[in-house]
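Working notes, beginning with the structure itself.
All of the numbers you see were taken from the coordinates with simple rules; none came from a lab. These numbers were taken from a predicted model, which means no experiment stands behind them. Ideal geometry is used to build each Cβ from the backbone, glycine not excepted, and the neighbour counts take in all protein chains shown.
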Amino acid sequence: MGLTRRQFLKWAGVTGVGAVVFNGCRVPDHEIQVQSPVELPEDLVTGRDNYYATVAQVGAGSEGLLVRVMEGRAKKVEGNPDYPLNTGKHHIRAEAMLQATYHPDRIKSPMVRIAKGGPFRAIGWPDALDRLTKILADADPASVLIATAPVRGKLADVIKRFAKDYGAPSLGFDPIDQTILRTAIKKIYNQDALPDFDIARADFIMSFGADFLGTWIDPTHFMRGYGEFRQGEGRERGHLVQVDSRYSVTAAAADDWIYVHPGAEGLLALAIAHVIIKEGLGDANAARALTGGDINRLSRYQPSNVATEIGMSPTAITDLAHRFAGAHGRALAIGGGSAGAHTNGVFNLTAIYALNYLVGSVNVPGGVVFNPADHQSQITGAPVRDWKAALDAMRSGGTKVLLVRDANLVHGLSAQLKVTEALDNLDTIVSFSSFLDDTTARADLILPGHTPFEEWGSDTPDVGPGYRTVAFQQPVINRFRDTMAFGDVLIRAAAELGNAMPWGSMRDAVRAEARELHRTNRGSVTQPTFEEFWKRSLERGGWWDQGDTVSGTPIPPTLPRTPERAQIVGNPNSFPLHLVPFEGHGIGVGQYAHLPWAQSVPDPLTTVVWSTWVELNPKTAEHLKVKQDDVVTLESALGGFISVPVYVNPATPPAVAAVPIGQGHEQFTTYAAGRGSNVLDIVAQTEDTDTGSLAWAGTRVRLTKTNVRVGLPKLEGIEEARQLPGEPVIEVFKLGEGDRGHS
Amino acid sequence: MNNNTLIKVMVPVVGLSVALVVAVVGYFVLQSWWSSPPAVLGFGDGPTQPIAFPHTTHVTEAGIDCQFCHRKVSTDEAATVPAVAQCLFCHDFGKIDGTRSDSDTAAVELAKLFDEGGNPQPVNWIRVHRVPDHVQFVHAPHIQNGVSCTTCHGDVANMEVVEQVRNLKMRDCVDCHRDNNAPTDCTTCHY
């Protein structure tokens with residue numbers, strides 16, 4: 001049977017149509033394939049966050065933090081509710097630390113300067129470490145100075161050990177160091193660690209110059225206590241009196257703000273003590289000890305004798321003494337800040353803290369509560385006297401090499417000390433800072449360190465919560481830039497120099513510390529094995545032992561019979577205004593000036609951001625014929641001057657010119673460089689007679705108007721303020737009868 | 001045997017044969033239509049994948065949880081297959097390169113993850129389990145309600161080559177939903 005042409009075409013057509021039709025029934029290729037792409041695509045991102053506990057030194061405070069981390073990036077900082085000091089809250093500076101890690105101007109890798117004054121060149125870590133080792137091996141250890149910001153915990157141990165084994169001196173740097181306070185505490189309470197101020201359980205607080213709700217030591221911790229003090233459940237509202245030469249945040253929060261002449265805080269405290277002792281209002285044993293049994297020992301401080309010097313009426317002083325001694329519940333006296341920043345700083349603070357003996361508030365709940373100092377490790381800010389000697393050694397050639405980590409000497413020490421000249425005389429400056437600050441900009445070699453969220457460490461807080469506390473700092477993210485932890489660099493360098501430390505890394509060092517805590521088998525974390533203890537204490541952010549406290553009350557020392565007066569630099573006729581520098585709310589004394597979030601924190605009273613300004617009373621401004629936003633020059637008796645705009649504030653005492661510290665950097669990233677003025681440059685370099693610390697509140701200035709005006713960046717005035725109809729106007733403050741301080 | 005006799009014998013034989021073939025083909029077609037193809041002639045076997053990935057080695061021997069690779073199974077619609085980068089969590093840096101395996105082919109299979117230049121390459125797996133387009137199957141609620149992976153996918157942990165063990169037809173789904181008091185509204189799956 002033959003196949004006809006017609007039949008062939010028919011079959012071919014049917015087959016073709018069938019093939020097309022049935023092919024349509026196939027499952028498309030893309031539906032039976034599923035691809036594993038090379039990289040993790042978005043649809044595999046879990047979007048789940050993790051929180052890691054760590055700790056950070058925030059100013060002088062210690063804050064336990066929980067950092068939210070997503071996909072390896074730190075996103076948000078929260079307070080650690082478990083940590084005994086900040087109990088879930090945190091400071092804006094802690095929040096802003098995120099910006100340090102991801103800062104666009106952060107030093108991205110080790111760098112070396114090709115020639116003195118020349119540009120930097122990026123190098124690798126092996127090369128950088130070799131160079132460091134060579135510098136240290138070639139130098140005479142006695143000619144090497146290690147300068148760091150105040151450091152606590154294991155890093156302080158590592159630095160001290162490195163300095164000791166290598167043979168180099170080490171100095172801590174803080175522009176407004178706490179040596180005067182520490183010395184006073186040692187003198188009056190015989191304590192090596194700063195005590196806790198139990199604000200939460202106090203009923204009447206009299207604070208002298210300590211802006212503890214603003215910037216003093218650990219404001220987050222103190223604010224937690226203050227919340228309880230004012231609005232705690234089951235207690236009466238506490239009463240706060242702030243004695244201050246500036247209207248600070250604490251003064252604004254206080255029930256009474258009392259202006260006293262700068263440097264006269266100690267006189268006021270002793271006048272109060274005199275009234276209490278004379279009238280038999282206080283603890284008789286304490287009164288006997290403080291006066292050495294001579295009831296007339298403090299007669300020179302009789303209110304009528306010292307009232308003019310203090311700037312209060314005798315009646316007001318006596319009244320304050322009665323209120324303090326007769327307070328319902330526990331009374332507490334706190335002193336610090338500008339009250340101690342005078343040539344008679346230790347005298348002032350000793351007198352203030354002696355008041356607590358008279359009302360039985362020493363080492364008891366609601367009073368000052370001692371902290372155990374046995375296990376505390378820290379490098380504190382050295383007095384300016386030591387720094388002057390260090391600069392002399394640089395000039396004379398005694399010091400040839402400077403190792404510096406976050407100690408911005410060029411900004412934090414006054415220009416009068418000619419710091420740059422001293423630094424220029426050095427052979428080599430090696431910086432371990434994470435940013436090109438004013439001092440690091442002069443370095444020859446930079447080995448950039450980690451930021452706090454990238455490194456291992458620990459913290460032994462000072463002020464502590466009244467019992468032994470060790471917080472653990474763990475890296476919550478991997479290092480973001482090609483940096484290395486300062487502690488790790490020192491540990492490696494020590495090994496290269498033949499002084500190997502017992503730990504191979506900072507992590508090992510922290511684990512060794514944790515091992516000791518584990519062996520005590522007590523405290524907030526106890527676990528059968530060390531690894532379980534380590535994990536649990538890292539989860540909680542540390543370890544603390546409420547049973548490890550200091551007991552007993554020391555015998556009070558006798559108070560000075562004769563007053564020690566503050567020496568204020570500048571003739572009152574030529575320099576009529578008293579300069580009161582104060583720490584910036586966000587940027588501190590300048591160490592946070594590179595962080596935009598810290599810069600944009602409005603000053604709580606003036607709402608000014610990103611600037612330096614001078615606060616003047618309206619009457620003073622009127623007298624000097626200056627208005628808000630006028631730029632004026634402030635000049636001290638030493639010849640230096642700064643230019644700043646005026647902020648007219650009715651709460652500023654007429655005799656005071658208050659200026660924030662922290663701005664005026666020449667370097668230190670785009671956000672800080674060339675912004676504002678550095679008030680420290682016009683502060684007289686006088687020292688407290690006992691400690692050699694800078695008497696930074698003891699300068700007089702004069703003010704000259706310029707023809708320049710600038711608009712101060714501030715939140716105030718952006719929105720029109722309107723009085724609610726029918727509501728009475730409530731005055732913010734009112735002078736007491738007889739007070740004439742700032743009338 | 002004359003022609004008539006031959007015809008008388010052959011017609012029933014051919015007829016029965018044709019009927020048998022039609023019955024077998026019909027059974028095959030209907031079984032495939034209503035359920036799964038009968039597991040003969042390789043019809044029940046899983047497809048040959050571009051890389052012979054042994055679940056036995058990873059799940060049974062290495063003890064890796066299903067969700068380590070199928071990361072979104074408890075949170076999303078699709079269980080998802082892992083990215084090659086995830087394979088390299090373990091198989092990169094010379095840590096597990098197959099050379100220590102008992103299998104002769106492990107190193108060869110792992111090498112398929114990379115091109116000649118050593119760069120990881122995407123893998124186009126052949127889908128084993130599939131429901132029609134008009135069915136919306138969401139993994140997450142099943143896992144969240146305690147349905148084990150093995151309920152639908154069988155003992156994958158012991159499969160050298162993954163194959164489909166349940167027919168995953170509508171009746172299968174509905175029966176299981178009824179047994180477990182899960183919703184059986186049409187819109188549960190068809191929306």
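Structure data summary
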read-out	value
Selected from A:Ala253, A:Ala333, A:Leu181, residue furthest toward positive end of dipole (segment A:179-369; charges at beta carbon)	A:Leu181
Compactness relative to 2.2 N^0.38 Å, alpha carbon Rg of chain B	1.45
Exposure proxy ranking, count of Cβ atoms within 10 Å, fewest first, for B:Met10, A:Met70, B:Met159, A:Met394	B:Met10, A:Met70, B:Met159, A:Met394
Global form of segment A:179-369, assessed from the alpha-carbon gyration tensor, a/c cut-off 1.5	rounded
Along each principal axis, Cα extent of chain A, largest first, Å	145, 77, 66
Contour minus Cα-Cα distance for A:Ser109 and A:Trp597 (0.36 nm per residue)	173.2 nm
Label-point separation in nm, B:Ala85 to A:Ala389, each point 7 Å along Cα→Cβ	5.7
Backbone HN-Hα couplings from phi across segment A:140-153 [Karplus 6.51/-1.76/1.60, Hz, Gly and Pro as x]	6, x, 5, 9, 10, 10, 9, 10, 10, 5, x, 10, 10, x
Charge dipole (debye, nearest 20) of chain A; +1 at Cβ of Lys and Arg, -1 at Cβ of Asp and Glu	1020
Sequence ranges A:708-718, A:671-681, ranked by mean other-Cβ count within 10 angstrom, highest first	A:671-681, A:708-718
Protection proxy ranking, peptides A:623-633, A:435-445, average beta carbon neighbours within 10 Å, highest first	A:435-445, A:623-633
Anisotropy class of segment A:607-652 from Cα gyration tensor, a/c 1.5 cut	oblate
Shielding by other protein chains, B:64-77, mean Cβ within 10 Å	1
Helix runs (DSSP H) in chain B reaching 24 Å along axis by Cα, Kyte-Doolittle at least -0.5	B:3-34
Nearest-0.05 FRET efficiency for B:Ser103 and B:Asn181, computed from C-beta distance (R0 41 Å)	0.40
Added length on full extension, which subtracts the Cα-Cα distance from 0.36 nm per residue, A:Ala373 to A:Thr529	53.4 nm
Gaussian network model of chain B, Cα within-10 Å springs - most flexible of B:His58, B:His134, B:His91	B:His134
Ellipticity estimate at 222 nm from DSSP helix runs (n ≥ 4, -39,500 (n - 2.57)) divided over the protein assembly as shown, nearest 500	-9500 deg cm²/dmol
Whether segment A:202-251 is rounded, prolate or oblate, judged on the alpha carbon gyration tensor where a/c under 1.5 counts as rounded	oblate
Above-threshold pairs, the threshold being 28 Å between Cα atoms, out of A:Lys134/A:Lys154; A:Lys186/A:Lys400; A:Lys160/A:Lys400; A:Lys535/B:Lys112; A:Lys75/B:Lys72	A:Lys186/A:Lys400; A:Lys535/B:Lys112
Mean Cβ count within 10 Å, highest first, over the residues of peptides A:122-129, A:249-256, A:230-237	A:249-256, A:122-129, A:230-237
Signed unit charges on C-beta, dipole axis of segment A:577-709, positive-most listed residue A:Gly584, A:Pro602, A:Trp696	A:Pro602
Listed residues A:Val77, B:Cys87, B:Tyr191: farthest to the positive end of the dipole of the protein assembly as shown (Cβ charges)	B:Tyr191
Antiparallel %, DSSP beta bridges [both residues in chain A], to 5	55
5 Å binning of all Cα-Cα separations within segment A:577-709, expressed as whole percents from 0 upward	2, 11, 20, 22, 21, 14, 7, 2, 0
Peptide B:80-90 - average C-beta neighbours from other chains (10 Å radius)	4
Descending semi-axes in whole angstrom, ellipsoid equivalent of segment A:398-449, from the Cα gyration tensor	17, 13, 8
Partner aspartates and glutamates for A:Lys187 [C-alpha distance under 19 Å; skip if fewer than 8 residues away on the same chain]	A:Asp177, A:Asp196, A:Glu265, A:Asp374, A:Asp462, A:Glu564, A:Glu687, A:Asp688, A:Asp690
Average projected area [Cα convex hull, segment A:138-231], square nanometres	8.2
Rounded to 10°, Cα long-axis angle of helix A:154-166 versus longest principal axis of chain A	80
